[in-house]
Structures are given as C-alpha cells and as structure tokens.
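As structure tokens, the structure follows; a few thoughts come after it.
The values are calculated or read from the model by the stated rules, or taken from the named source; none is laboratory data. Remember, it's a predicted structure, so these values are computed and weren't measured experimentally. Here Cβ is always computed from backbone atoms with ideal geometry, including for glycine, and neighbour counts include all displayed protein chains. With ligands, DNA and RNA removed, areas are computed over all heavy atoms of the protein, side chains included. Shrake-Rupley method; radii C 1.70, N 1.55, O 1.52, S 1.80 Å.
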Amino acid sequence: MTVRAAAKLNLMLDMIKKLDNGYHSLFMVMQSVDLYDTVDVQRNGVGKILIESDSADMPKDETNIAYKCAEKFFDAMEISQRGITIRIGKNIPMAAGIAGGSADGAAVLYCLNKIYGTNLSNFELCEIGAKVGADIPFSLTGGTAVVLNTGDVIAPVKNLSDCKIIIVKPEQDVSTKEAYAMLDSVPRLRHLDTAGMLEAVSRGDYEAICSKCGNVFEQAIEVPERPYIKSIMRKNGADACLMSGSGPTVFGLFSDNQKAEMCFNELKMSYKNVFICSPISRGVIEI
C-alpha cells in the first residue's frame, strides 16, 4: 500500500507551561501542505520491520519514527507477525520543524490499519501515534486545526483560504530536544495572542490569521539566515512569515500567486530547499 504523507506548518506555536513529566503543554495552529513524502508499506517474509529509503541520511533502524510507529501499532494490536517493509521516498527535509519524520510515522499507522484490517478509528490511531511523537496525531488528521497540550488534543477548524506558501529550509538542522531546552532557558518568554488566533481561525478569516501568526521558538532558536529570508518574503508581498516548529524552516503566506512565484524564484537563487505549496485538507493521502 502506498500513500503520500504531508508536511505540516505551525501558523502559531505558543508554550503554555512545562509539565511535571518534562514535556510541554502547547497551543498550536497547524496546517497541512502539499509537500509530501511517499510511503509504501508491504508485508515481507523476513518476519521483522525493515526500513528502506532513497535518503542516505535517514536512519533505517529502530530509531526511525516510522519504525517506532509500526512497533507501537503491533504492540497495541498484539500482532506477533511483524514482517513488513517500509519504503520512504523523502521530499520533506529532515530536522526542519515541518514534521517530516512524524508524517512518515502517521502514514505507516494509516497503512498498517488497512493492511491488517484492524479497523481502528482515526482517534485510536492518534492515541498510538501520540506515544511516539507530538506531531503524529495531527499528521494523521491533517487540514487546519488547533492542537493543544502535547499534540494529543486536536480541534479541526475551517480550512485555510486558498493561498500560496513559500517554504525555505536553511542548511542548518535543529534538534527538537535541544530546542525545547533552549526555550526553557528564555527568562521572560513573550506569549502570543492565542485568544485572537482562536477567534480568527473559527471565522476562517485569512487576514486576521496572518496578523496573529507567531512562534515562541523564534525567541530561543538562533537561525542566522531567518531575518534575510523573512526580508525577501516581505519584500515580495508576504501576508505573514515565520518559523515553523522548532525550526529552522521559515515560511511565508501569499494571497497573490504572482508575488509568491517571484519570491520563490528569488529565494531559489540562494537556497537549495525552497518549495512553493498550497494548504490541503488531509495529512495522509492514498495513491
């Protein structure tokens, strides 16, 4: 079975508090975009989980998120015949803050539910995915959603208006674990207007959403190229531009397609990983 696994962006990311278990309670507005990995899952006769990929940099052992999701699925369903081969075609940059690994893990859960005929609801799949990573439940759900706590509370809202989104991933990688440690060290974190964003997304008001976009990780994570990328986006008419997740990826929203194309072409001259995307309503799409 083969599916497309969509990247996600954070239109808003604010930290509510650090929890006693070391995790963080968050307020996020997430958006799926049509930047995809291709994930193929097939049974094999080897009797174990195998990972294959066209990416030399992606781990292919038990540290891979897709592998972990398969393991959690088999544990939850008490399935002992665990012979599957997962083939991942990578298009979503890794260590970028746009859920490349989580999207793959969500795709594996979706495929296994179909292949093994377990008929789990999306909510039940999300429960399994949440044990592996905070972005996996949203990657299973997709669309536009308010996502709370550790990613386990998801409230779908009106789809984001048709627009173009320019995504730029600098060469720098950011470790999520290290990013949260840096966020914890910020002495006076400036919080975002979450109430205003809630009102904006409930109405599906594109202009209001753009005015409320923000990410508290920008106060903690140093991405030297971020100001330059944002300046190019603003010069070309971006309605909003910010960092996604724990970074370093920066994206801009454009209501004008021609301006988005101009921005894409200019940034493409300086960066290898530049994408022009649109918002989509699903996280995992069957091929």
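See the values below:
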quantity	calculated
Net charge of neighbours whose Cβ lies under 14 Å from the Cβ of V153, counting Lys and Arg as +1 and Asp and Glu as -1	-3
Most to least accessible of L192, L13, L198 (protein chains only, probe 1.4 Å)	L198, L192, L13
Net +/- balance of residues flanking P248 in space, Cβ distance below 13 Å, scoring K and R +1, D and E -1	-3
Accessible-area value, D54, 1.4 Å probe, nucleic acids and ligands omitted, Å²	110
Computed label-point distance, nm, for sites A155 and D40 using a 7 Å Cα→Cβ extension	4.2
The stretch 50-123: Cα Rg divided by the 2.2 N^0.38 Å rule of thumb	1.10
Euclidean distance between Cα centres, the stretch 20-44 to the stretch 91-143, Å	6
Helical mean residue ellipticity (222 nm; -39500 (n - 2.57) per DSSP H run of 4+; nearest 500) of the chain	-9500 deg cm²/dmol
Three semi-axes of the equivalent ellipsoid, the stretch 178-287, Cα gyration tensor, whole Å, largest first	23, 20, 15
Where the Cα pairs of the stretch 1-91 fall when distances are cut into 10 Å bins, in %	15, 33, 31, 20, 2
Cα-based reach from K259 at 18 Å (exclusive), listing aspartates and glutamates while leaving out same-chain residues under 8 positions away	D162, E207, D239
Acute angle (nearest 10 degrees) that the helix 257-268 long axis makes with the longest principal axis of the chain, alpha-carbon atoms	80
Correct choice for percent of Cα pairs over 29 Å apart that was computed from the model, options (1) 31; (2) 24; (3) 50	(1)
Which listed pairs, of K18/K169; K48/K68; K90/K272; K8/K272; K18/K90; K8/K169, have C-alpha distances above 22 Å, in listed order	K18/K169; K18/K90
